[in-house]
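Values in this text are rule-based calculations from the coordinates and carry no lab data. Only a predicted model underlies this, so the values are computations on that prediction, with no experimental measurement involved.
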Amino acid sequence: MVFFGPYSAIFFAAFEEIKSLLVKDPKNQTLMESMICSAGASAFAGYITNPLEMVKMRMQIQRADRAMKGGSLE
């Protein structure tokens, strides 16, 4: 949950900002404009939150290693 919250917040903020810069008439936004805004926002949010994702992944791997060795899962 630590990853998805910031990612979603950054994604929606970036999407709206990109849309305000690229789309001339937001009420008549085309599918292609929406896809471009979404792709840009997704790339930006992923870039910003990548360190959180790496920490989460390392914690999951360490927990799996402990479980395979018969250790505690806490």
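Each helix, a run of at least 4 DSSP H residues, gives -39500 (n - 2.57); summed and divided by the residues of the chain, these come to -27500 deg cm²/dmol at 222 nm.
Sorted from longest to shortest, the spans of the Cα atoms of the range 6-50 along the three principal axes equal 33, 15, 13 Å.
Excluding same-chain neighbours fewer than eight residues apart, the aspartates and glutamates reachable from LYS56 by a Cα-Cα span under 18 Å are ASP65, GLU74.
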